[in-house]
Amino acid sequence: MNTTNLARFLGWFSIGLGAMEILGGRTLARRLGMTGRTNVFRAYGMREVANGVAILANPASAPLLWARVGGDALDVATLLGTPSYGPAERRNVKIALAAVLGVTLLDVLCAARLSEERGQPPRGLPRYWS
């Protein structure tokens, strides 16, 4: 898969994830032990949808993929700060963290490759990363 196709995939992924966060924010918050934080998930969902639409409009834009990486960092920070109350919620947070970290790896790889293709050094990554 070339870099532009990966960017398009990540754009569609953002839209799907964002829609799920907007429509299922209450359920997601409850399952992660964040009852009362429904609006946080809905706001994160709007961020995801907006970023996904922007990526689909310009899939060769490294800054848009770096924006996804920034969003991933916010998601990780939120999950790490989750006051998980029971074993089910703790398990769900661990699963969510693994999923976010997995897609973060794809986001970083795609953003770094797009940066490199445009002659821009990857932000904060060693030169051997690619």
Work out how far the C-alpha atoms of segment 35-94 reach from end to end along every principal axis, then list the three figures in whole Å, largest first.
43, 19, 14
Using +1 on the beta carbon of Lys and Arg, -1 on that of Asp and Glu, and nothing else charged, what's the dipole of the chain about the Cα centre, debye to 20?
300
Can you find, among 98, 27, 60, the residue sitting farthest towards the positive end of the charge dipole of segment 8-130, where Lys and Arg contribute +1 and Asp and Glu -1 at Cβ?
27
Degrees separating the helix 3-23 axis from the principal Cα axis of the chain, which is the longest one:
20
If one compares the long axis through the Cα atoms of helix 87-117 with the longest principal axis of the Cα atoms of the chain, the angle in degrees, nearest 10, works out at 10
Hey, what does the equivalent ellipsoid look like for the chain, semi-axes from the Cα gyration tensor as sqrt of 5 times each eigenvalue, largest first, whole Å?
29, 16, 10
Let me check against my output: what whole-number percent is the relative contact order of segment 3-58, with C-alpha pairs under 8 Å and at least 6 apart?
49
Residue 104: net charge of surrounding residues, Cβ under 12 Å, Lys/Arg +1, Asp/Glu -1, itself excluded?
-2
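Given a cut-off of under 8 Å on Cα pairs at least six residues apart, what relative contact order in percent is computed for segment 2-104? Mind dumping the intermediate values first?
On the way: 120 pairs, mean separation 31.6, N = 103.
Here the relative contact order equals 31 percent.
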Could you state the angle between the C-alpha long axis of helix 38-57 and the longest principal axis of the C-alpha atoms of the chain, as a value from 0 to 90 degrees rounded to the nearest 10?
20
Taking the Cβ of residue 20 as the center, what net charge do the other residues with Cβ under 15 Å away carry, scoring Lys and Arg +1 and Asp and Glu -1?
+2
If I take R0 = 30 Å and measure r between the Cβ atoms of residue 61 and residue 98 in this structure, what FRET efficiency does the formula 1/(1 + (r/R0)^6) give, to the nearest 0.05?
0.60
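Bear in mind that the values in this text are calculations on the coordinates, not laboratory data. Predicted, not measured: the structure shown is a model, and the values here were computed from it. Neighbour counts run over all protein chains shown; Cβ positions are idealised from the backbone, glycine included.
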